[in-house]
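Before any comments, here is the structure.
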Amino acid sequence: MRVVAPSCRRRALPPFPKAARTSLRTVRGEIAVSWRAEGDTLRLSVRVPVGSTAEVNVPAPGRAGVTAHDEARRVRLDDGFVVYRVPRGDWEFVSRS
């Protein structure tokens, strides 16, 4: 997890290829991320606090390899990751290789 804007308004959440869970208390509330690999599928869950947005880096060979909520905005491809920007709330991404 990496803050990419002042006041914890935006964070980058890079996942790792193993099951894990972490969270961070900020002045805006708790941000949390968890992921779990199941065969060729990676399930990534993100919680973003009120007043914040997050950039979520989903490992995938390309856009077609990721399933995300319609409101998750895909912003770019970045060296093996599909990067989404999401507002507050709970989000789930599924990546298939």
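The values are calculated or read from the model by the stated rules, or taken from the named source; none is laboratory data. Keep in mind that this is a model prediction, so the values were computed, not measured. Positions of Cβ are generated from backbone atoms using ideal geometry, with glycine treated the same way; all protein chains shown enter the neighbour counts.
Could you please find all residues in segment 32-42 being surrounded by fewer than 20 Cβ atoms within 10 Å (Cβ to Cβ) and either of a type in the set (Phe, Trp, Tyr) or farther than 13 Å from residue 97 by Cβ (or both)?
Those that are surrounded by fewer than 20 Cβ atoms within 10 Å (Cβ to Cβ) and either of a type in the set (Phe, Trp, Tyr) or farther than 13 Å from residue 97 by Cβ (or both): 32, 34, 36.
Consider only pairs whose beta carbons are under 8 Å apart and that are at least six residues apart or on different chains; among these, list those whose first residue lies in segment 11-27 and is under 18 Å from residue 86 (Cα atoms) and basic (Lys, Arg) and whose second residue is modelled with pLDDT under 90 and loosely packed, with under 12 Cβ neighbours inside 10 Å.
Going by the 8 Å Cβ cut-off, the qualifying pairs are 11/2.
State the number of residues belonging to segment 51-75 that are of a type in the set (Ser, Thr, Tyr) and either more than 15 Å from residue 40 (Cα to Cα) or crowded, with 20+ Cβ neighbours inside 10 Å (or both).
Looking only at that region, the number is 2.
For the subset of segment 49-97 comprising residues that are touching a Phe, Trp or Tyr at 6+ places or on another chain (Cβ under 9 Å), under 17 Å from residue 35 (Cβ atoms) and outside any strand (DSSP E or B), which member is modelled with the lowest pLDDT?
60
Sort out which residues of segment 76-91 are touching a residue at least 12 places away in the same chain (Cβ under 8 Å) and surrounded by fewer than 13 Cβ atoms within 10 Å (Cβ to Cβ), and write them in order of number.
Residues satisfying the conditions are 78, 80, 90.
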